């Protein structure tokens, strides 16, 4: 069998892999200037005077002065909407040929995120960088990297728009545009990858699993775990290594892995290497570059200009809506341990765009971050400031304490007896005392979050918890039309989705 080490990487990618000197500010200024030069003759570039910004002694400061911040609704209504009609040169040169349909955990209908050929090229470069980094892992099974790559992603059978563009899951677009040299290793192959029905796709993968020699799996933890469970059940084996003896690397992203670790490792015959990456529809943001790193290293030199907005009451309201003129810092101005919302400007025509994630730097020198949550997915009814990071930590510790797998959970906040309360819905198919679990989660949150501890003795009067089978969570996502690799269960339920969740629990349907 051919080995991946023998691959000749195209010259353009090989050049990009030579990382410039590690001066973060200089790298980012170089990226900003490159983006501005490329887009200066677009409608957006003309309106916001990109030429003037480029001539300024401090282009980053001038960029922040002249260009407003955008969330999806603003940039879509004012700019991206035109591109769906085939209008070229709106926020990026040329016509947009692909759109990633992104709904994430929001209540809104699908978002159309532009995907340009330049962005796809940048993503390819970063995939190769990530792959190369694995060879430096002492515990990595090198043989795994020469075997098949199973990518559990969205359908590559994309929908076509009237103006000639294609839209679908980002993972489906990436799989469809995968480089020719990757074909030898790619599973499940073009026919299965094109399937839109997620259950049918999983069934096909299970049927062919024994024919493949898989060493490397990429996907969202919940769906990869489900796939492995189905394979183990189908072939009546003890663990996945009896089917795929060379499986040694799991690349995951999109959600925190720790809540899944307990259940995931029950499916293995021996330890594997876990690599977290940070890939959003808007760009490849970072990945875990070192074996025992606490966080993922931001990619500062490949066509994403980052700004960091302190996630505090000055810049965001109680609903997570950003101020019109927030404080925005560059990479050299951030502090370790503080929480920031990410703004990105990219080679897909996003400009000072709020992607909705919040991050925290855990290593300033290496520019490594952990994802702490979403700007609109946190609970702070009375000042408890409960982040998704806090929730994940509580679930992780509970899984260890009770030796159970908790693949999904969600939390609701509501008025209660003149004060307020939280209710946790926890998915597990293992036996557990719900009251003991509730107390453990509550106490863990008191220990790790001082604001939560203070409010639990005052306005946050009660915490409730209900244990549900995992199938309940999957069924709800199926009814929402969000069953598949690109969709994550919301960690905080609010608004319309909460109403649907309550109806589902009561009646088994959304209406």
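Read-outs throughout are calculated quantities, based only on the coordinates presented, and are distinct from any laboratory measurement. These numbers come from a predicted model, not from an experiment. Cβ atoms come from the backbone with ideal geometry, glycine included; neighbour counts cover every protein chain shown.
Computed quantities for the displayed model
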quantity: Theoretical ellipticity at 222 nm over the chain - DSSP helices of four or more residues, -39500 (n - 2.57) apiece, nearest 500; calculated: -9500 deg cm²/dmol
quantity: Relative contact order (%) - criterion: Cα under 8 Å, at least six apart; region: the chain; calculated: 14 percent
quantity: Counting all C-alpha pairs of the range 375-439, share separated by more than 19 Å (%); calculated: 36 percent
quantity: Pairwise label distance in nanometres, residue 207 with residue 450, each label 7 Å out on the Cα-Cβ vector; calculated: 5.9 nm
quantity: Taking only Cα atoms of the range 255-309, radius of gyration then Dmax in Å; calculated: 14.2, 44
quantity: Relative exposure of 451, 89, judged by other C-beta atoms within 10 Å (fewest first); calculated: 451, 89
quantity: Share, in percent, of DSSP beta bridges within the range 388-507 that are antiparallel, nearest 5; calculated: 50 percent
quantity: Semi-axis lengths, Å, the range 351-477, gyration tensor of Cα atoms, sqrt of 5 times eigenvalues; calculated: 25, 20, 16
quantity: Distance from the range 293-337 to the range 349-426 (C-alpha centre basis), Å; calculated: 17 Å
quantity: Per-selection Rg to Rh, the range 237-387 - Cα, Kirkwood hydrodynamic radius; calculated: 1.04
quantity: Listed values [x] 70, 51, 42; [y] 83, 49, 45; [z] 65, 63, 47, entry calculated as Cα extents along the principal axes in Å; calculated: [z]
quantity: Sorted by Cβ density within 10 Å, fewest first, the residues 367, 332; calculated: 332, 367
quantity: Rounded FRET efficiency, nearest 0.05, which uses the C-beta distance separating residue 261 from residue 73 and R0 of 30 Å; calculated: 0.25
quantity: Relative contact order (%) - criterion: Cα under 8 Å, at least six apart; region: the range 388-507; calculated: 30 percent
quantity: Beta bridge orientation in the chain: antiparallel %, DSSP, nearest 5; calculated: 65 percent
quantity: For 232, 132, order by how many other beta-carbon atoms lie within 10 Å, fewest first; calculated: 132, 232
